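Input: a single structure, listed below in structure tokens.
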Amino acid sequence: MYYQRIIEDSKSLSPAIISRLPMALQLAGHAGHLIKKMRRAPLLEISKGGTDFSTAADTAAEELIIGGIRTRFPEDAILAEESTKASWIASEYQGKKNAWVIDPVDGTTVYNRGLENYAVSIGHMSLGEPQFGVVSLPAISFDDGNLFFGTHWLPAAQCDPVRGTFVEISVSLPRPYHQCVFGTSFGYSPENKSRTLMYLARLNCMNFRTCLARGSVVEGLIRVAMGELDAYFEPAIKPWDIAAAGLIVHRAGGIVTRMDGSPWSPFYPDILAASNPALHQAMVELLNNK
């Protein structure tokens, strides 16, 4: 496939990435196809505590992805939303040369309600630093395909494995605040919902056009990378929410930090992604204006 040849022929990519990125694209595509096929009707909700839950699709997609990784790279570390113990420690993964961070279905609520804006996310890290990210938006039909990826050495791109197309993507151009569209998510706990509302109130003086909460952090960040949203913020996240999509936004030309403007990492609990430095700085100042 065309995008695979670009990866394999790149002189700037390490052997570890050249061998793993094409596989990750394939696994994300297969997992996306699987969960889309499984969503013929609402699936049984398996409670994870409070209002959070998973489904058989989350488990099946995660097993597919992990199985593919274990077959090729049995020594790699894996941090996955559904199967990793709740007691996991960030340092266990930050010290690994090859570590995968997986969200088999980001946006399980919208997925199980029959909506389209859910995602499969696969990130790869080395010594705590994101190396590449792959995202599938399996239910959304794009002209240039529903697979997205980014690495530190290639531009962010959108691809269609069937047609073999490969198109670079980029964030939106600067525009007046009153034309900007932001994205966020309210999370599952009452505390997180209250925090998001507080931050929206702080941003309100920008008179931005609107803010969309579509139920998937990954999908929201990809919309920033595509130039469809101007910014996205999220005050309560896990590594599997941003390990892939955060890097894709960065490689699409966006500014990605924590909400206080400090450097981001998938192991920090919040993120701010904006399409340009001026918008980013304005949002940082307002989000932290207590």
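The values are calculated or read from the model by the stated rules, or taken from the named source; none is laboratory data. All figures in this text were calculated on a predicted structure; none of them were measured in a lab. Note: ideal-geometry Cβ built from the backbone for every residue, glycine included; neighbour counts use all protein chains shown. In case anyone asks, the SASA skips ligands and DNA or RNA and just uses the protein heavy atoms, side chains included. Shrake-Rupley method; radii C 1.70, N 1.55, O 1.52, S 1.80 Å.
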Of Phe208, Phe186, Phe149, which is the most mobile in a GNM of the chain whose springs link Cα atoms less than 10 angstrom apart? Phe208
Using a 1.4 angstrom probe, figure out how much accessible area segment 115-232 has per residue, in square angstrom, rounded to the nearest whole. 41
What is the percent of Cα-Cα separations in the chain that go past 31 Å? 22
Which one, Ala56, Met38, Pro74, is farthest towards the positive end of the dipole of segment 29-80 when Lys and Arg carry +1 and Asp and Glu -1 on their Cβ? Met38
Quick one: with all protein chains in place, what share of the accessible area of the chain is carbon or sulfur, to the nearest percent (1.4 Å probe)? 53
With segment 51-118 reduced to its Cα atoms and the Debye formula applied, log10 I(q)/I(0) at q = 0.13, 0.15, 0.27 1/Å amounts to -0.42, -0.55, -1.20
Running a GNM on the chain with Cα contacts under 10 Å, which residue among Ile89, Ile78, Ile69 ends up with the highest mean-square fluctuation? Ile89
What number comes out for the charge environment of Ala156, summing +1 per Lys or Arg and -1 per Asp or Glu over other residues with Cβ under 14 Å away? -1
Please compute, over every Cα-Cα pair in segment 128-287, the percentage with a separation greater than 24 angstrom. 28
If the convex hull of the alpha-carbon atoms of segment 160-210 is projected onto planes in all directions, what is the mean projected area in square nanometres? 5.9
Could you tell me whether segment 17-165 comes out rounded, prolate or oblate from its Cα gyration tensor? Rule is a ≥ b ≥ c as square roots of the eigenvalues, rounded for a/c under 1.5, then prolate if a/b exceeds b/c, otherwise oblate. oblate
Along the charge dipole of the chain, which of Ser12, Thr109, Trp240 sits closest to the positive end, that is, farthest toward it, with unit charges on the beta carbon of Lys, Arg, Asp and Glu (+1, +1, -1, -1)? Thr109
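Among 155-167, 55-67, 124-136, 246-258, what's the highest-first ranking by average C-beta atoms within 10 angstrom per residue?
246-258, 124-136, 55-67, 155-167
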As an exercise, identify the trypsin sites (Lys or Arg not before Pro) in segment 9-72 lying in DSSP coil whose Cβ has no more than 15 other Cβ atoms within 10 Å. Lys11, Arg40
Per-residue ellipticity at 222 nm for the chain, helices alone: DSSP H runs ≥ 4 residues times -39500 (n - 2.57), over residue total, nearest 500 deg cm²/dmol? -10500 deg cm²/dmol
Fluctuation leader among Ser19, Ser141, Ser185 - the chain, Gaussian network, Cα springs under 10 angstrom: Ser141
Relative contact order for segment 97-185, counting Cα pairs under 8 Å that sit 6 or more residues apart, in percent: 17
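Hey, got the dipole for segment 143-290? About the Cα centre, +1 on K and R Cβ, -1 on D and E Cβ, debye to the nearest 20?
Dipole size: approximately 340 debye.
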